[in-house]
1. Could you list, in sequence order, all residues of segment 142-193 that are closer than 20 Å to V90 by Cβ, in a helix (DSSP H, G or I) and in contact (Cβ under 8 Å) with a residue 12 or more places away in the chain?
2. Within segment 127-159, count every residue that is over 10 Å from the mean Cα position of the chain (by Cα), buried (at least 24 other Cβ atoms within 10 Å of the Cβ) and among the small types (G, A, S).
3. Restricting segment 94-126 to residues that are of a type in the set (D, E) and surrounded by fewer than 18 Cβ atoms within 10 Å (Cβ to Cβ), which is nearest to L54 (Cα to Cα)?
4. Looking at (1) over 30 Å from P182 (Cβ atoms); (2) at pLDDT below 95, which is the only condition I83 fails?
5. For segment 34-76, what are the residues that are among the β-branched types (V, I, T) and within 14 Å of the chain's Cα centre (by Cα)?
6. Regarding A169, is this residue of a type outside the set (D, E, K, R), in contact with a strand residue (DSSP E or B) (Cβ under 9 Å, 6 or more places away or on another chain) and closer than 15 Å to G129 by Cα?
7. Across segment 62-78, what is the number of residues that are without any contact (Cβ under 8 Å) to a residue 24 or more places away in the chain and in a helix (DSSP H, G or I)?
8. For a quick check of your reading of the model, give me the residue pairs whose first member lies in segment 48-61 and is in contact (Cβ under 8 Å) with a residue 40 or more places away in the chain, whose second is hydrophobic (A, V, I, L, M, F, W, C) and assigned to a helix (DSSP H, G or I), with beta-carbon atoms closer than 7 Å and at least 6 apart or on different chains.
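The values are calculated or read from the model by the stated rules, or taken from the named source; none is laboratory data. Everything numeric in this text was worked out from a predicted model, so none of it was measured. Positions of Cβ are backbone-derived with ideal geometry, glycine not excepted, and every protein chain shown enters the neighbour counts.
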Amino acid sequence: MTTPAARLDAHPDTPGEAAPAGRLSADRTLAVMTDVALVRLEPADWPAYRELRLAALADAASAFGTTLARERALTPEDWRARIQRGPTFVARAPRGDVGTATGIQGDEPGHAELVGMWVHPEWRGRGVGDLLVDAVIEWAAQSGYRGLNLWVSVGNDRAEALYARHGFARTGATQPIREEDPTRLELEMVRPL
């Protein structure tokens, strides 16, 4: 996994711990971008994921298909189940987690889906988004998927440009972000693997 803006090294299974370059776990892909470590979460990491997800919803509520109130009501079991549905990657800086993205099986046969993508505002434009997108692309390719889909809010040009840099293109499909508000749309993008 490499990006033009980052030097990446492999790390062991323990989240946030460094290891000699070249050591890559079979089931968890971890990397470092300067001071940012890419960590694949385990179910026991649910409190950190909950905190990051709630921060994402507080920052960009209109970009997600759920609400802050709904997510706050989730139980620890709900959070663990979310992490188990597909690899959840977190960008971890020395002072805390600064971004997240998850890969899940998509609705289209042979395709995975990138969901839950978010980068803390102070870390946008610094390569964190690239690191997270690359992690999900690598997971999907290694898992044998033929394509990777995602949905991005209409008008979120910065996020769409990030995805386009990684080979995603619009499919022409749109849908409401939330059923209760059909005026807020998201557009589908896909990338072959």
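1. A159, L162, Y163
2. The number of residues fulfilling the criteria is 1.
3. Applying the first criterion (of a type in the set (D, E)) to segment 94-126 yields 97, 107-108, 113, 122.
Next, from what is left, pick out any that are surrounded by fewer than 18 Cβ atoms within 10 Å (Cβ to Cβ): 107-108, 122.
Values: D107: 26, E108: 29, E122: 16 Å.
The selected residue is E122.
4. (2)
5. V39, the sole residue that qualifies.
6. So A169 does not fit the description; no.
7. 7
8. Partner pairs satisfying both residue conditions: Y49/W79; Y49/I83.
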